[in-house]
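Trainee: Got a structure for you, questions after.
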Amino acid sequence: MSTVTTYRPAALAELRDALVDSARAGERLAIAGGGSAAAWGGAPRYDAVLDTTAMSGLIAYNPTDMTVAVQAGMPFAALQETLAGNGQWVALDPARAGTVGGLVATADAGPVRHAFGTSRDCVIGVTVVLADGTVARSGGHVIKNVAGYDLAKVFHGSLGTLGVLAEVVLRLHPRPAATATLAVPCDAAAAFDLGGRLVHGSLEPVAVEWCDGTLLARFDGTAGGVEDRGRRAMALAGAGAEWLPGDDHRAGARWSAVADLVRGADGDTVVRLGAAPDRAPSLAALVDREARAHAVDAALTSSPFAGAHTVRLRGATAAAHAAVVIALRTEFPATTVCRWADGLHDELPAWGEPPPAVAVLRAVKRAFDPDDRLGSGRFAPWF
Amino acid sequence: MSWSAELAEALGRENVITDPARLRTYECDGLTGYRVQPAMVVLPRSAEQVAAAVRVCAGHGVPFVARGAGTGLSGGALPVADGIVISLQRLRRVVEVDPVNLRAVVEPGVTNLDISKAAAPYGLYYAPDPSSQQVCTIGGNVAENSGGAHCLKYGFTVNHVLAAEVVLADGTVTTLGGDSAQVPGYDLLGAFIGSEGTLGIVTKVTVRLLAKPAAVRTMVADFATVAGAGDAVTGIIAAGIVPAAVEMLDNLAIQAVAASTESVYTPDTVAALVVELDGPPDDVAEQFDEVQEICRQHGSTKIMLARDADHRALIWKGRKAAFAAVGRISPNYFVQDGVVPRGRLAEVLGRIAAMADDAGVRVANVFHAGDGNLHPLVLYSEAEGQHDRAERLSTQIAELCVELGGSLSGEHGIGADKACSMPRMFGEDDLATMLRLRTAFDPDGLCNPGKVFPTPRLCGERPGPYRPHPLEEAGVIERL
Amino acid sequence: MVLTPGGSGSFDAHHPPRRELLDDCVHCGFCLPSCPTYAVDGEEMDSPRGRIYLMDLAERGEIPLDRTIAGHIDSCLGCLACVTACPSGVQYDLLLEATRPQLERHVPRTRRERLVRRAIFAVFPYPARMRAAALFGVLYRRLGLRALAHRLGIVARLPAELRAAEDLLPPVPVRSLFRRPAPLVPAAGERRLRVAMLEGCAQRVLFGDVNAATARVLAAEGCEVVVPQGQRCCGALNLHAGLEDDAAARARRLIDTFEQAEADVVVVNVAGCGSSMKEYDRLLADDPAYADRAARFAASVRDVNELLAELEPRAPRHPVQAKVAYHDACHLANAQRIRTQPRDLLRAVPGIEVTDIPEADICCGSAGIYNLVQPATAEELGRRKAANIESAAPDVIATANAGCLLQVRRFLTADIPLVHPIEILDASIRGVPLEKARR
Ligand SMILES: Cc1cc2nc3c(=O)[nH]c(=O)nc-3n(C[C@H](O)[C@H](O)[C@H](O)COP(=O)(O)OP(=O)(O)OC[C@H]3O[C@@H](n4cnc5c(N)ncnc54)[C@H](O)[C@@H]3O)c2cc1C
Ligand code: SF4
Ligand code: SF4
């Protein structure tokens, strides 16, 4: 699509102008950050692209307050690097290398969502620009703040359909003095059981992830504290468990495997879905069964206690992928397709059963973008 | 049929109140400065009855205001004169505690503390703990996005609610959120939490429960100056420690506590910090020593360690009763609620003290220091005609917080009280955009009208001239 | 309603609720969860905060004294859990005591209310009449009349108030209806104190055993126990019902009687009586002839638990094996702030385990004559309390108030013995099993 216009504003004013101009031209816009999640949900129809990556500056960072304000196009990895210099981080570890704004718009997160939640739990303020060029701010620069509605929340998971995130303020956490990973080969049911014992035993893992046959639990804290918890966790885990202190290649490799699975590769289908914790084992069984039935190579990674799961389908036909996803959707309607195998779009509607509040979702969309200019079709067939 | 007759029929006579004297007991919440007698109060016994009541209101264009325990401190549950109050005090069932999935399902009138009580047999608890937790309802907490002392480590209501069944302004019932945080689409639940009852009425809430921490250590560190205590807080945070709670009380607050319960605080100390660490025992022990060291470095004059659970309970009892206990040392007072960046605590406390001197009234401070969430209590005597002075000072303090890069409210909400100050913090476009969200939920504006947003009726013809936000002047934010 | 000149707002000038006391309430609501009527209904007017609000409005003359406000003040149990819960130090007890007589004066009661109240006040304060009623009750049961009345559906047709009274009657043996302690019980060993004991009205009739046990335990602990003869009702029921003048008259007479005993301490084993006797100073403050004497008297009053906790134990305790659910009587816990003493006394008995009860701070619904005049709420509270107690699965339930004993017994579904804590001490000191000690 070489005829597509691209707007690439570098500042809030330029961004606002871009939206006003495109509104005047009656263009439908696709909002693009790092592009790592461009395929999520339905395929938007657009006449022009709004690329946010030039808005990548650091606006304010005061380490004492433990908050940071950035332009939304800043690569998330770059931000983490800056913060690391002060022993701080945004407590999120998404697999995809996107922009900060993209992270909010996709509601993405990684294994530490077990303890820290998703971007919704660390964003404390946003500036957004709506389709008509309205610039609006909500929240602020302090971690505790209930003045006015929290617009960041409606933009969380908005997939570029409500407006453009221009600036994001985040709360920070101190980087732990020590970290270690427990790795236990086991099936999903055993993982859920052991994970439950770690959680109920007040061992406070920051991540509990069951990835393709291995339970990984990460512990952050003081050196002595992590070591002590390691002993107790190993005792709970029993034979076959490994304790991997530090963040080096051994533990690192385990966690990269999770990220690799979540990202997928060309030709894969990747879906993200939500479920109550105790459904993790039955989800694993369902994935297994359906994959076998349709001769698809399936892999699953789960944060059972955060209720977040990612399934990667590889090999076989798009029709086979579609069959598996449809089977998943009947049991777990809160499913988002994040990567589409070639031809899958022809086999599968972008979304399954809508959530109960779909009427409100539609009303919000209408209120923010009445002409449906932004990310049009992303949530089809819901709206 | 008139709407009032319809309501009586839909809910049953025994569930509606129309007698004027009775109605008057509903005319205010915890902020008694604003009083409006509603036309009717209804006390539904089920979510269906809530929906039925809202449908009648929607049909007749009657405004309605939800009410939990009425402990709100911003006039959020203030009735509307020609509208009704929907009290949720008869929906008080803990529907389910699910220890395996670490959650509980409760009706909106269940008190915050009762959730933890119901979860206790499983070694679990509900983390957000407003000081009013024994009385305030989860419905009110959801509406206000309430926080508490332990929110420094654990976050606020919004971080602990998974789903809410909500009656929308047209009387339809829907569910926001779901089985997990992974619900596709806009985070409507997150937007609803903290919307101060203006987007709908909660009739059921699914909350997350946490396992009780293995170890809890608590100390009270005395300081000879308020600034010293403020700097110690900044020091603790800067050291990369995330305490479960860091609370500060100044001498006036300590006096009030001493007058009300068995106080464990040093009576004549200028300021005291309550610092609590919780988590795995070794981590806690190590950081507990570090915190003591930081307090000493910042001039702490005495450190008292909680001996056991009972002693700790006494420390917290004093802290949590402090607001109400101020009634013992002053005939009248305003509770203020503002937030400053954590690095500016000492500075803001100094400026508040100076402003209080100028105004000739006393200000007691008892607050969530770890989050920078101040609660200056402006003490005054109505009888001695100090009301206006005190009120002005209280408003000035909130606006000072905004000036220092903070917020008008950390947890009590904007409600009716601070709606007119909103233009200090937000521009017209900001507010207009927020109103778009409101319209999506409640196109006719029947749900708790007159709260949060400045209206000409409330604040005069115009909500005040636009003034640049201080952060804008500092170049931190830009507004176009 | 005619405003009495000189009054405040709708109240007349005779001791209206005081403005400063009303102003102490900051409307924080901390008292709501402890209020039994609010627990039942969730209505603001039936909460402490709401009642204070109504008093406040009346004091400002913004609402009249009429049946509406009277209804909400009547529905208050006077359990004073709100006083304990209030961080702002609101003296709701004083507000309530000031408001009730005003309502009695200005709001006419319905015929039925008058009848019920008249009947109650004609019986309860008079031991002889009480005994006659109880005797009737015993015979009523023993002769099968009760069963007959129930079978014929007569009971179901009784007004709720009478049904409550019918249900409250405890299964007492006739013998114990007539049991009286000796007028003087000497101290065992060296005398530490001379104490004058209140017998109580309903107490001496229905719980003669408790009085006997009290005298024995006190004697064993070195107290010489006098039981002033001719003592009458202390007036607690009248006081809590807002019948101020009757209460004052009874107070004067009781002071007269007890002064003659020349005791160091006046000891009471009924929480409701003790709490009003401790208030005599306030009740008679306006009476020049009695003000000082009332103050001295009030200062000398001790609940038996309180007194024993002050005395270093002397008599050896023998083991009593039992898990005891201790139920706080409101008039002990809230009005007299006596909570730890009875528990500590019980814990000092080898073999006794004291367990906690859920919702311990919520009243059982007895509250003086409340269960007779507000039977529906009282019933709901009684049921709730009994269920909470049973959930703790105790062997024995102990509570230091006659009214609570009657009320809780009525709603228990399991057969758990109910005793006054002093009976456990008595059994322990005498070294006999609890059941036997109570015979
Ligand atoms: C002494 C004292 C200490 C306090 N300490 C704290 C503290 O530490 N932290 C803190 O955050 N707050 C605190 N508060 C404020 C207050 O307790 C909280 O705001 C609380 O969440 C209010 O709950 P409530 O049930 O009393 O709600 P109400 O006061 O009845 O109502 C508050 C708002 O919620 C709305 N609402 C109530 N129920 C519902 C429902 N079911 N659905 C939709 N909307 C509803 C009302 O319309 C109103 O806007 C304190 C208050 C007092 C008096
Ligand atoms: S707790 Fe005290 S101050 Fe608060 S509402 Fe109740 S009586 Fe009033
Ligand atoms: S005395 Fe008891 S019943 Fe009466 S208001 Fe207080 S708590 Fe409620």
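Laboratory data are not the source of any read-out in this text; all were calculated from the coordinates shown. This structure is a prediction, so every number in the text was calculated from the model and none was measured. As a convention, Cβ positions derive from the backbone with ideal geometry for all residues, glycine included, and neighbour counts pool all protein chains shown.
Trainee: Based on other C-beta atoms within 10 Å, arrange B:THR174, C:THR399, A:THR134, C:THR355 from fewest to most. Before the final figure, lay out the partial values.
Mentor: Details: B:THR174 17, C:THR399 25, A:THR134 20, C:THR355 13.
Lowest count first: C:THR355, B:THR174, A:THR134, C:THR399.
Trainee: OK, next. Answer with one residue from C:LEU103, A:VAL324, B:VAL378: the one whose Cα lies farthest towards the positive end of the charge dipole of the protein assembly as shown, charges on Cβ with Lys, Arg +1 and Asp, Glu -1.
Mentor: Among C:LEU103, A:VAL324, B:VAL378, the one farthest towards the positive end of the dipole of the protein assembly as shown is C:LEU103.
Trainee: Now a separate question. So how tilted is helix C:48-59 from the main axis of chain C? Cα-based, degrees 0 to 90, rounded to 10.
Mentor: Compared with the principal axis, the helix lies near 40 degrees.
Trainee: Helix by helix through chain B, keep the DSSP H runs that span 15 Å or more along the axis on Cα and average at least 0.0 on Kyte-Doolittle, and give those back in order.
Mentor: Once both thresholds are applied, what remains is B:47-60, B:226-238, B:345-359.
Trainee: Where the centre of each part is set by its Cα atoms, how far does segment B:352-403 sit from segment A:180-205, in angstrom?
Mentor: Measuring centre to centre over Cα atoms gives 49 Å.
Trainee: Give me the distance between the Cα centres of segment B:157-179 and segment C:112-134, rounded to whole Å.
Mentor: So the separation of the two Cα centres works out to 55 Å.
Trainee: Across segment B:13-19, in residue order, what do the Karplus-derived ³J(HN,Hα) couplings come to in whole Hz, using 6.51 cos²θ - 1.76 cosθ + 1.60 with θ = phi - 60° and x for Gly and Pro?
Mentor: With the stated coefficients, segment B:13-19 comes to 3, 5, 10, 10, 10, 10, 5 Hz.
Trainee: Per residue of segment A:11-26, in order, report the coupling 6.51 cos²θ - 1.76 cosθ + 1.60 (Karplus, θ = phi - 60°) as ³J(HN,Hα) in whole Hz, putting x for Gly and Pro.
Mentor: These are the phi-based 3J(HN,Hα) values: 9, 4, 4, 5, 4, 4, 4, 4, 5, 5, 4, 5, 5, 4, 6, x Hz.
Trainee: At 7 Å along Cα-to-Cβ for each site, give me the label-to-label distance between C:HIS15 and A:THR5 in nm.
Mentor: Placing both labels 7 Å beyond Cα along the Cβ direction yields 8.5 nm.
Trainee: Work out from phi, with θ = phi - 60° and the Karplus expression 6.51 cos²θ - 1.76 cosθ + 1.60, the ³J(HN,Hα) of each residue of segment A:377-382, listed in order in whole Hz, and give x for Gly and Pro.
Mentor: These are the phi-based 3J(HN,Hα) values: x, 4, 9, 5, x, 5 Hz.
Trainee: So for C:ASP361, C:ASP344, fewest C-beta neighbours within 10 Å to most, what's the order?
Mentor: Details: C:ASP361 18, C:ASP344 13.
Final ranking by Cβ density, sparse to dense: C:ASP344, C:ASP361.
Trainee: Which value results for Rg/Rh of segment A:264-346 when Rg is the Cα radius of gyration and Rh the Kirkwood radius based on the inverse mean 1/r?
Mentor: Taking Rh as the inverse mean 1/r over Cα pairs, Rg/Rh reads 0.94.
Trainee: Mind listing the long-range amide H neighbours of A:GLY110? Cut-off is under 5 Å, sequence gap 5 or more, other chains count too, H placed in the peptide plane at 1.01 Å from N.
Mentor: Amide H to amide H, under 5 Å and 5 or more residues apart or across chains, A:GLY110 pairs with A:ASP93.
Trainee: Order these by the 10 Å Cβ neighbour count, fewest first: C:GLU306, A:GLU331, B:GLU384.
Mentor: Details: C:GLU306 21, A:GLU331 14, B:GLU384 10.
By the 10 Å Cβ count, ascending, the order reads B:GLU384, A:GLU331, C:GLU306.
Trainee: Measure nothing fancy, just the Cα-based angle from helix C:92-106's long axis to the longest principal axis of chain C, in degrees from 0 to 90, nearest 10.
Mentor: Computed tilt is about 60 degrees.
Trainee: If you don't mind, another one. By the scheme Lys and Arg +1, Asp and Glu -1, what is the net charge of all other residues having a beta-carbon under 12 Å from that of A:GLY41?
Mentor: After counting each charged neighbour, the total is +3.
Trainee: Taking the 0 to 90 degree range and rounding to the nearest ten, how far is the long axis of helix C:111-123 tilted relative to the main principal axis of chain C, both from C-alpha atoms?
Mentor: 30
Trainee: Continuing with this model, one more query. Could you work out the equivalent-ellipsoid semi-axes for chain A, taking the square root of 5 times each eigenvalue of the Cα gyration tensor, largest first, in whole Å? Walk me through the numbers on the way to the answer.
Mentor: Numbers: eigenvalues 241, 150, 55 Å².
For chain A, the semi-axes come out at 35, 27, 17 Å.
Trainee: Hey, can you grab everything whose amide H is under 5 Å from the amide H of A:GLY140? Only 5+ residues off in sequence or another chain; H modelled, so Pro and N-termini drop out.
Mentor: A:GLY125, A:VAL126
Trainee: Kindly provide the Kirkwood hydrodynamic radius of chain B in Å, to one decimal, from all pairs of distinct alpha carbon atoms. Before the final figure, lay out each step's value.
Mentor: Values: mean 1/r = 0.0430 Å⁻¹.
Its Kirkwood hydrodynamic radius stands at 23.2 Å.
Trainee: Under a 10 Å cutoff between Cα atoms, tell me which one of C:ALA393, C:ALA13, C:ALA98 has the largest fluctuation in the Gaussian network model of chain C.
Mentor: Between C:ALA393, C:ALA13, C:ALA98, it is C:ALA13 that shows the largest mean-square fluctuation.
Trainee: Please list the non-local residues whose amide H lies under 5 Å from the amide H of A:THR214, H modeled 1.01 Å from N, same-chain partners needing a gap of 5 or more.
Mentor: A:CYS186
Trainee: Can you classify segment C:274-411 as rounded, prolate or oblate using the Cα gyration tensor, where a ≥ b ≥ c are the square roots of its eigenvalues, rounded means a/c under 1.5, and otherwise it's prolate if a/b beats b/c and oblate if not?
Mentor: oblate
Trainee: Right, something else. Please state, to two decimals, what the Cα-based radius of gyration of segment B:1-56 comes to when divided by 2.2 N^0.38 Å (N = residues).
Mentor: 1.20
Trainee: Report the net charge of residues surrounding C:VAL226, where surrounding means a beta-carbon distance below 13 angstrom and charges are Lys +1, Arg +1, Asp -1, Glu -1.
Mentor: Counting the neighbours of C:VAL226, the net charge comes to -3.
Trainee: Rg and Dmax of segment B:33-121, using alpha carbons, in Å: what are they?
Mentor: 15.4, 47
Trainee: At 4 °C and 1.567 mPa s, grab the translational diffusion coefficient of the protein assembly as shown from Stokes-Einstein with a Kirkwood Rh over Cα pairs, rounded to a whole number in µm² per second.
Mentor: Numbers: Rh = 33.6 Å.
The calculation lands on 39 µm²/s.
Trainee: Which of the listed residues, C:CYS233, B:PRO44, A:ALA190, is farthest toward the dipole's positive end in the protein assembly as shown, when Lys, Arg count +1 and Asp, Glu count -1 at the beta-carbon?
Mentor: C:CYS233
Trainee: Something else: Going by Cα centres, segment C:65-95 and segment C:215-287 are how many Å apart?
Mentor: Centre-to-centre (Cα) distance: 24 Å.
Trainee: Mind checking which of C:GLY29, C:GLY365, C:GLY274 has the largest fluctuation in a GNM of chain C, springs on alpha carbons under 10 Å?
Mentor: C:GLY29
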